[in-house]
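Only the coordinates and a few stated rules stand behind these numbers; no lab work does. Keep in mind that what you see is a predicted model, and the values were worked out from it rather than measured. So basically every Cβ, Gly included, is an ideal-geometry build from the backbone, and we count neighbours across all protein chains shown.
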Amino acid sequence: MTYELLEPIFIISTALIAIGLYGVMSKKNILKIILSLGLLDTGVNILIVAMGYIPGGTAPIENGNYSLYMDPVPQALVLTAIVIGVSVTALALAVAMGYYKKTGTIELDKEGVMKW
């Protein structure tokens, strides 16, 4: 079994994670931070699914060679993580909207929130 087909997926997921981390750490705009968190979440989800993939593997409901069954747990974890990610994004957007109504801006450095 070879994993050559998965190497681009690992590279893409690592790039999404790196871009998301960079955006969260460096941006001052609330909406850009929320978008970066979404990219980070997507990269982690793709990485988890790729790690659980077995080339030539089948669903665990078929009869046959048990060594080629794929584990359904990573897919189940990613489905749960997607639901949690959407909920966190909705909550973050609601908080951003409340912050905008209170301060009139979505930039965090304008109100002294970020001290550095």
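A quick yes/no check of all residues on (1) of a type outside the set (D, E, K, R); (2) surrounded by 13 or more Cβ atoms within 10 Å (Cβ to Cβ):
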site: 11; (1), (2): yes, no
site: 17; (1), (2): yes, yes
site: 32; (1), (2): no, yes
site: 41; (1), (2): no, yes
site: 44; (1), (2): yes, yes
site: 53; (1), (2): yes, yes
site: 56; (1), (2): yes, no
site: 59; (1), (2): yes, no
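Once segment 20-30 is narrowed to residues that are loosely packed, with under 15 Cβ neighbours inside 10 Å and in contact (Cβ under 8 Å) with a residue 12 or more places away in the chain, the residue that is farthest from residue 93 (Cα to Cα) is 22.
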